[in-house]
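Participant: Have a look at this one before I ask anything.
Here, each number is a calculation from the coordinates, and none is a lab measurement. What you are looking at is a predicted structure, and each value in this text was computed from that prediction instead of being measured. We place every Cβ from the backbone using ideal geometry, glycine too, and count neighbours over all the protein chains shown.
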Amino acid sequence: MPNKVFHPEIPTVMSELSIPGELITRLRAAQRIAVLTGAGISAESGVPTFREAQTGLWARYNPEELATPEAFQHDPKLVWEWYAWRQDRVRQAEPNAGHLALVDMERHIAEFTLITQNVDGLHRRAGSHQVLELHGNLFRAKCFNEDRPVESWPDSDDIPPRCPRCGGLLRPDVVWFGESLPEAALRAAEQAAAHADLFFSIGTSALVYPAANLPLAALKAGATVVEINPQPTPLSSYVTFSLNGASGVILPMLVAQTWGKQRIHNL
Ligand code: BJW
């Protein structure tokens, strides 16, 4: 019988129940890991992904059309209320097994960088320490005129509230289409991708740039790239390992099979 040869250039597609031994070996040897997460990692916490159909009052709106400076200028009340609704959903959610497995992974790796496109803050609530938020955070606000963070403002009936310094409209401190990403976070993410032994792309449709460039940059620099997603994405055919399934199932299995059973998290 010939030996089973592993071809890293051909993506290895796995079902939820089997993690390739070769991936476990590479994880155990890894010194530098970078992880990019998207909305899918919070799906099992009950937070809708960005592109899935919205529900209730918001079902008739297209999220890609609301997440723009033009939408805010056209109807600031509508956009502010959409974010207020999303804040409520996230407040009711808890980090899930996928977020917690990344907290465990961080403990085992000398240089671990968690890069997220999510604005929900669930990685920090789970206990991850080094989190680069590329698209901002739902729970912060800034002044639309001055582009400066605003931590508090007087109670009023205004929607959106007004900036206490200049009277301009407040907006969520997130990155909308056509806007620049926070420079320092993007630079750190690019560095981490360029130097990673292993790069994970988890729960993202890999459609939005410049975040979608990060796994490609890691591949180009010679990293093993692993995608975890129940659906194929434009990245899938390039990655080294494609793990098809929910991150809340696959990540805990991956961590347990690599480093043994982990501590029980108290949230
Ligand atoms: C599961 C799961 C489970 C489900 N387990 N998985 C180069 C080429 C083409 C265009 C551009 C380009 N460079 C820049 C652009 C323009 C634009 C862009 O990328 N457009 C594309 C749509 C084509 N980019 C920008 O404008 C960026 N700015 C910029 O580049 O500035 C410089 C510049 C300006 C002007 C011109 C040129 C350059 C800014 C992008 C900001 C994105 N902001 C948003 C909104 C944030 C606030 C908010 O949340 O409201 O960020 S858009 C939205 O998409 C959000 C997300 O972070 C981001 C990514 O979405 P994500 O996370 O992938 O979610 P989904 O819903 O798409 O996918 C979920 C996935 O989970 C799915 O695959 C599921 O299968 C999976 N899943 N359950 C694991 N249990």
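Participant: With viscosity set to 0.692 mPa s at 37 °C, what whole-number translational diffusion coefficient in µm²/s follows for the chain from Stokes-Einstein and a Kirkwood radius over Cα pairs?
Facilitator: On the way: Rh = 19.6 Å.
Answer from the Stokes-Einstein relation: 168 µm²/s.
Participant: Could you work out the relative contact order of the chain, using alpha carbon pairs under 8 angstrom and six or more residues apart, expressed as a whole percent?
Facilitator: Values: 453 pairs, mean separation 74.4, N = 267.
Relative contact order for the chain comes out at 28 percent.
Participant: Cα centroids of region 18-76 and region 105-166: how far apart, whole angstrom?
Facilitator: 16 Å
Participant: State to the nearest 20 debye the size of the charge dipole of region 37-93 about its Cα centre, where the only charges are +1 on K and R beta carbons and -1 on D and E beta carbons. Before the final figure, lay out the partial values.
Facilitator: Values: 6 positive and 8 negative charges, 35 e Å.
Dipole of region 37-93, to the nearest 20 debye: 160 debye.
Participant: Taking the dipole about the Cα centre of region 136-267, with the C-beta of Lys and Arg at +1 and of Asp and Glu at -1, give me whichever of G167, P234, G245 is farthest to the positive side.
Facilitator: G245
Participant: Across the chain, where is the longest run that never hits trypsin sites (Lys or Arg not before Pro) in a DSSP loop with at most 11 other C-beta atoms within 10 Å? Walk me through the numbers before you get to the answer.
Facilitator: Values: sites that count: K4, R60, K261, R263.
For trypsin sites (Lys or Arg not before Pro) (loop position, at most 11 other Cβ atoms within 10 Å), the longest site-free span of the chain is 61-260.
Participant: Now, a different point. Can you give the charge dipole size of region 121-267 about its Cα centre, rounded to the nearest 20 debye, using +1 on the beta carbon of Lys and Arg and -1 on the beta carbon of Asp and Glu?
Facilitator: Values: 12 positive and 13 negative charges, 85 e Å.
That gives a dipole near 400 debye.
Participant: Another one. As an exercise, identify the GluC sites (Glu not before Pro) in region 175-267 lying in DSSP coil whose Cβ has no more than 14 other Cβ atoms within 10 Å.
Facilitator: Those that pass, being in a loop and sparsely packed, are E179.
Participant: Something else: P(r) for region 86-156, please, calculated from all Cα pair distances in 5 Å bins and given in %.
Facilitator: All Cα pairs, binned at 5 Å, distribute as 3, 14, 20, 21, 17, 10, 8, 4, 1, 0 percent.
Participant: Simple spin-label model, 7 Å along Cα-to-Cβ: R140 to Q191 in nm?
Facilitator: Using points 7 Å along Cα→Cβ, the separation is 1.8 nm.
Participant: Let's see if you can work this out: charge +1 on each Lys and Arg Cβ, -1 on each Asp and Glu Cβ, no other charges. What is the dipole magnitude of the chain about its Cα centre, in debye to the nearest 20?
Facilitator: Working: 23 positive and 29 negative charges, 135 e Å.
Approximately 640 debye in magnitude.
Participant: Let me ask something else about it. Could you check the simple spin-label distance between R60 and R125, using points 7 Å along Cα→Cβ, in nm with one decimal?
Facilitator: Between R60 and R125, the label points sit 3.0 nm apart.
Participant: Also: Let me check the size of region 12-149 from its C-alpha atoms; what are the radius of gyration and Dmax in Å?
Facilitator: My reading of the Cα-based Rg and Dmax gives 17.7, 53 Å.
Participant: Report, in cubic angstrom per residue, the convex hull volume of the C-alpha atoms of region 126-267.
Facilitator: Numbers: hull volume 22.6 nm³, N = 142.
With only Cα atoms used, region 126-267 gives 159 Å³ per residue.
Participant: Just going by the charge dipole of region 92-221, with Lys and Arg at +1 and Asp and Glu at -1 on Cβ, which of H99, I109, G121 is farthest out on the positive end?
Facilitator: The residue sitting most towards the positive pole is I109.
Participant: Provide the percentage of antiparallel DSSP beta bridges, counting only those with both residues in the chain; round to the nearest 5.
Facilitator: Details: 8 of 33 bridges.
Antiparallel bridges make up about 25 percent of those DSSP assigns within the chain.
Participant: Among L66, L36, G260, whose Cα lies farthest out toward the positive end of the dipole of the chain, if unit charges sit on the beta carbon of Lys, Arg (+1) and Asp, Glu (-1)?
Facilitator: G260
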